[in-house]
Amino acid sequence: MSLQNCHSLARLELDYAYVDMEHGPLNLDGLAFCIAAMVDKGAALKKGNAQPKVALFARFPPYGRDLESNDWFVKQALDMGLMGIIFNGVDNKEQMMRLVRYMRYPQQKTSAYQEPPGLRGYSPGNAVFAWGISPAEYERHADLWPLNPEGDLLAIPMIETAEGLKNVDEIASVPGVGAIFIGAGGDLHQYLGVPRESPVVEEARQKILTVCQAHKVPCGITALTKAEVDKRLKEGWKMIRTGRGE
């Protein structure tokens, strides 16, 4: 989804939407405006609370393997009010664990969910406005599901390389992984060294799906036609991105 469409999101009957800033322009001012524009005052008055109808995610340029590049943009994205981040090119468990830690606050001593320890700095003013809840409620819910059952943030790694494919089982096992997404396989087929239509790419997709199902982690894919969407749903994919391929 592009930033130009953000103004209409609050009126859509969607569960979630995401802004692609990996291949589109990296525009944090625009993203902040997008999140603010999704606050629908009319809907808030009608239903009696200001909580949004659409969970907004985004995807950014750094790869999961670029650990030093991820810290600052995760902080910026969550403080704006995003409810999830899609991480490109996560290759192993260590990378995913670090990304989970970036998304978590250090836990209170009374928390039952101490591990992995959080690294996120505290300044959620814009996020509190976007979520339509109090600062105390935000603190309680600004944690990763399913690691914390009350958490309303999702960490979604993308498996896009041969290394990530080799390590997908350990990536899926990281506490705090909310889903795994592979998109249309544009990067994956290149890293595997075969054409996009190669049976090797479909074998990789099915391996990722099998691992996700074993770990009870929702698995996402891009499907561009109704027939393909129906096929992927029957196979067990839980998150289907439609529209333009990657």
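The values are calculated or read from the model by the stated rules, or taken from the named source; none is laboratory data. Since the model is a prediction, treat every value here as computed from it, not as a measurement. Using ideal geometry, Cβ is built from the backbone for each residue, glycine included, and neighbour counts are taken over all protein chains shown. In case anyone asks, the SASA skips ligands and DNA or RNA and just uses the protein heavy atoms, side chains included. Shrake-Rupley method; radii C 1.70, N 1.55, O 1.52, S 1.80 Å.
Structural remarks
- Sequence-distant residues sharing a close amide H with Ala55 (under 5 Å, placed H): Tyr16, Ala17
- Whole-percent carbon and sulfur share, accessible surface of the chain, 1.4 Å: 54 percent
- Degrees, to the nearest 10: 28-37 long Cα axis against longest axis of the chain: 60 degrees
- Of Lys166/Lys238; Lys75/Lys238; Lys93/Lys216, pairs whose Cα-Cα distance is over 24 Å: Lys75/Lys238
- Other residues whose C-beta falls under 11 angstrom from the C-beta of Glu235 contribute a net charge of +2, scoring Lys and Arg +1 and Asp and Glu -1.
- Inter-label distance, Asn27 to Lys226: 3.3 nm, where each label sits 7 Å from its Cα along the C-beta direction.
- Karplus 3J(HN,Hα) series, Hz, for segment 165-180 with 6.51 cos²θ - 1.76 cosθ + 1.60 (x for Gly, Pro): 4, 4, 9, 4, 5, 6, 5, 5, 7, 5, x, x, 6, x, 6, 10
- Per residue, in Å², the accessible surface of segment 126-194 once ligands and nucleic acids are set aside, probe 1.4 Å: 36 Å²
- Among the trypsin sites (Lys or Arg not before Pro) in segment 76-152, those placed in a DSSP loop whose Cβ has at most 12 other Cβ atoms within 10 Å are Lys109.
- Against the chain, whose longest principal axis is taken from its Cα atoms, helix 67-80 shows a tilt of about 40°.
- Each Lys or Arg adds one and each Asp or Glu subtracts one; over the other residues with Cβ under 11 Å from the Cβ of Ala162, this totals -3.
- Sites Gln107 and Lys234, calculated FRET efficiency, Cβ-Cβ separation with R0 35 Å, nearest 0.05: 0.30
- On Cα atoms only, tilt of 226-235 relative to the major axis of the chain in degrees: 90 degrees
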